[in-house]
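Following: one structure in structure tokens, then a few remarks.
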Amino acid sequence: MDKIASTHLNLNFTVDFDTKKFVGTVEHYLDCLESTDTVIMDYVGIDIQNVTRLADGAQFREQVDFKTHEDLNPNLGNALEMTLPDACKPGS
């Protein structure tokens, strides 16, 4: 069973035609279904620079430790594993 559900996604990109890249940010809105301090998402072809947790209507910001796994199931892509400073609670 999933412990986290993605409920909304915002993409904000600029296209760099010279380098043939998209540069920007991705915001995931998540619901905590079961208490956990780890969030894992699939990704493909993205150079992840940092992960920031926004809470309480973006009044609260903090950097989140993360690591990427590029040796997992090739059918699902790579995994981005984020460790929250404190476990989320269901309904938050």
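The values are calculated or read from the model by the stated rules, or taken from the named source; none is laboratory data. Fair warning: this is a prediction, and the values are worked out from it, not measured in the lab. Here the Cβ is made from the backbone with ideal geometry for all residues, glycine too, and neighbour counts use every protein chain on show.
Structure summary
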read-out: Scan of segment 8-57 for residues that are surrounded by 12 or more Cβ atoms within 10 Å (Cβ to Cβ), of a type in the set (D, E, K, R) and not in a strand (DSSP E or B), ordered by number; value: Glu34
read-out: Test: Phe66 is touching a Phe, Trp or Tyr at 6+ places or on another chain (Cβ under 6 Å), of a type outside the set (Asp, Glu) and outside any loop (DSSP other than H, G, I, E, B); value: no
read-out: Residues that are over 18 Å from Pro85 (Cα atoms), in contact with a strand residue (DSSP E or B) (Cβ under 9 Å, 6 or more places away or on another chain) and either charged (D, E, K, R) or in contact (Cβ under 8 Å) with a residue 24 or more places away in the chain (or both), drawn from segment 17-36; value: Lys21, Glu27
read-out: Single condition Ala55 does not satisfy, out of (1) over 18 Å from Lys3 (Cβ atoms); (2) at pLDDT below 80; value: (1)
read-out: Breaking point among (1) farther than 21 Å from Ala79 by Cβ; (2) at pLDDT 90 or above, for Leu33; value: (1)
